[in-house]
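Novice: Got a structure for you, questions after.
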Amino acid sequence: MEALLRDRLPHAPQMGLFVTPNLPSGRLDNALSDYATEVGRDEVLALYDATLSGTGGDGAVFTRDRFVFQNNDLQATQTVRYPDLVRVETQSRWLGLGGKGVDLTVNRGRATFELTMDFSGTPKAASYVADFLDAAMVRDIDFAPASEPDTTDAAAVRAALQRLRAEQKLTADDYERLMETLGE
């Protein structure tokens, strides 16, 4: 995951993107104490600082197995494991104002829900984060048989795979292999 992150996320301070080993300690400390309180400093591979003032109090931290983000202090912190991602899509926000968001569909057990990461302060960073999450979503699929009863929302996964195939983000061979895994 670290190699994928380094390949997809640039170290671009002008967009609020920081990749290890060049994580600004003040911003990282603020992120870890504000919204990413369950993440250890040594786990962080990248940081997205969404604040206009550069404090790191809002944004996202990326680790090997998950990412944690908060759009602002009025919204709850969200923790998402890469294998739980079903869909990642960049969307324009606030027509004419240049805002961006990354819409996420997340599957946890039998629950599938929508989240949005706000990139209104640095819209150019949205495409890089979405590209990384999209690649992490497909790369981190576990094809090993489950040791517990299947609790996956098969209909949601099927719909997401069909959408990825229609968007040509998934090859025909990979689509078929994943559908076989679902028992289709």
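Novice: Helix-only estimate, please: 222 nm mean residue ellipticity of the chain, summing -39500 (n - 2.57) across DSSP H runs of length 4 or more and dividing by its residues, to the nearest 500.
Specialist: Helices in the chain give a 222 nm mean residue ellipticity of -9500 deg cm²/dmol.
Novice: Taking the chain as the reference, fit the longest principal axis to its C-alpha atoms, fit the long axis of helix 25-34 to the helix C-alpha atoms, and give the angle between the two in degrees, 0 to 90, nearest 10.
Specialist: Tilt relative to the chain: about 60 degrees.
Rule-based calculations on the coordinates, nothing more; no lab input. Here the structure is a predicted model, which means the values were calculated and not measured.
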